[in-house]
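What follows is calculated from the coordinates using simple rules that are stated; it is not laboratory data. Here the structure is a predicted model, which is why all the values come from computation and not from measurement. Please note: Cβ atoms are built from the backbone with ideal geometry, for glycine as well, and neighbour counts cover all protein chains shown.
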Amino acid sequence: MAFTAADVKELREKTGVGMMDCKKALTETDGDMEKAIDYLRERGLAAAQKKSSRIAAEGAVIAYTDEATNVSVIIEVNAETDFVAKNDEFTSFALECAKVVAAQNPADVEALSALTPAGGSMTIEELRQEKVLKIGENIKVRRFARYEGTVASYIHAGGSVGVMVAFDADSAVAANPEFAAMGKNVAMQIAAMNPEYLCKDDMSAEDAAKMKSITIDSALNKPDTLPVPILNSLIAEAIDGKKWADEDITTYQGLDSKQKKNFVNFISKEALSILAEIAVSKKAEISENKIFTGLVAGRIAKQLKDVCLFEQDFVRSDLFEGNVEGYVKSVAKELGGEIKVASFVRFEKGEGLEKREDNFADEVASMM
């Protein structure tokens with residue numbers, strides 16, 4: 001069956017594939033339009049399989065809310081280059097995935113891949129394969145989260161970071177523009193400051209114990225930051241037990257009281273390392289010291305301000321001075337209701353993935 005330029009154009013409009021690929025598909029199928037479409041889909045599968053091992057750590061994080069059902073989704077879809085994230089084919093695919101998550105609530109990415117969008121005939125996996133053929137890069141749906149109810153979403157820098165925050169608030173409070181502004185501010189706080197937990201009570205006993213253990217070990221391995229009474233006892237043992245070199249002992253004993261406060265500037269690195277070894281060997285004893293436990297408690301409190309959303313200083317100090325929890329309560333009081341931050345999720349594009357390292361010189365050389 002012969003085909004014309006108009007047939008090639010029609011096939012391209014139906015599939016979005018390049019003109020040369022469409023022409024080849026019609027040639028291979030003797031001009032049969034339906035068989036040509038199947039041919040291109042098969043090529044899409046082959047292309048997807050071929051590219052599946054290629055690193056896809058770019059792409060975008062997008063957010064979607066179905067206003068009719070009050071369901072919100074945040075999803076990360078990866079590609080090989082940042083350029084592709086701005087491609088309409090890519091963004092439409094990512095949005096289609098988000099809509100399917102909102103409507104059909106799949107358990108995971110594998111389950112999502114087998115679902116078909118409303119009104120469509122192809123599964124998400126088949127659509128992905130088609131996009132790989134059209135765009136020419138490996139594309140992967142990496143992860144998603146789905147919330148029902150009152151949600152604030154924020155996408156930063158065209159999809160480099162995405163945040164979704166779930167709130168418990170009555171409909172009258174949530175309908176206020178001030179509530180929407182507060183939700184966006186909290187989401188932006190999470191995007192900027194990257195907390196790990198909602199509040200300290202959200203930390204598991206295991207995580208809390210690990211934080212404490214790391215804090216103790218860190219303090220012991222930096223003996224110059226220990227409380228003075230403990231530090232002086234360590235130095236006394238190093239000197240009396242001749243654990244320091246004679247040069248370090250002589251140097252330290254020759255320091256005046258002011259210089260001893262900065263003794264690390266005068267002794268050798270080996271001497272400081274020996275102090276740390278002594279401190280670690282006395283871990284059980286030092287850990288029971290009330291002064292030391294106070295130091296550890298203070299350092300943990302400081303870490304909690306970094307890793308817990310509620311404990312963090314609110315970044316928009318022009319709006320509120322205090323921590324995030326205080327800011328949310330202040331808005332709730334202003335609106336005459338109660339607002340609770342129930343949970344949040346933060347996706348950073350490509351975090352934890354191996355990044356592709358391009359060598360431009362080698363690339364040019366290979367092309368030549």
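Check S343: other-chain or 5+ apart residues with amide H under 5 Å from its amide H, H built from backbone geometry?
When sequence neighbours closer than 5 places are left aside, the close amide H contacts are A166.
Considering Cα pairs under 8 angstrom that are at least six residues apart, work out the relative contact order of the chain and quote it in whole percent.
19 percent
With only Lys, Arg, Asp and Glu charged, each at its Cβ (+1 for the first two, -1 for the last two), find how big the charge dipole of the chain is about the Cα centre; round to the nearest 20 debye.
In debye, rounded to 20, the chain gives about 580.
Could you tell me which label, among (i) 39, 26, 17; (ii) 30, 24, 20; (iii) 57, 31, 16, carries the value of semi-axes √(5λ) of the Cα gyration tensor in Å calculated for this structure?
Evaluating semi-axes √(5λ) of the Cα gyration tensor in Å on these atoms matches (iii).
Using the Karplus equation 6.51 cos²θ - 1.76 cosθ + 1.60 (θ = phi - 60°), what ³J(HN,Hα) coupling, rounded to whole Hz, does each residue of segment 152-162 give in order, writing x for Gly and Pro?
10, 10, 8, 10, 9, 6, x, x, 6, 9, x
Roughly what % of DSSP beta bridges within the chain run antiparallel, to the nearest 5?
95 percent
Sticking with the crude label model, points 7 Å out along Cα→Cβ, report the distance from S273 to A245 in nm, one decimal please.
Each label point lies 7 Å from its Cα, and together they span 1.1 nm.
Measuring from centroid to centroid over Cα atoms, what is the spacing of segment 142-189 and segment 85-126 in Å?
22 Å
Based on DSSP H runs of at least 4 residues, each adding -39500 (n - 2.57), what is the mean residue ellipticity at 222 nm of the chain after dividing by all its residues, to the nearest 500 deg cm²/dmol?
-16000 deg cm²/dmol
Distance cut-off 28 Å, Cα to Cα: go down the list K9/K349; K134/K349; K210/K305 and report the pairs above it.
K9/K349
Once you have the Cα-Cα distance between A107 and T27, take 0.36 nm times their residue separation minus that, and quote the gain in nm to one decimal.
Here the answer is 24.6 nm.
Work out from phi, with θ = phi - 60° and the Karplus expression 6.51 cos²θ - 1.76 cosθ + 1.60, the ³J(HN,Hα) of each residue of segment 314-328, listed in order in whole Hz, and give x for Gly and Pro.
Values, residue by residue: 5, 5, 7, 5, 6, 9, 7, 9, x, 8, 5, 4, x, 5, 4 Hz.
Ranked from highest to lowest mean number of other Cβ atoms within 10 Å per residue, what is the order of the peptides 265-278, 72-85?
The densest-packed peptide leads the list: 72-85, 265-278.
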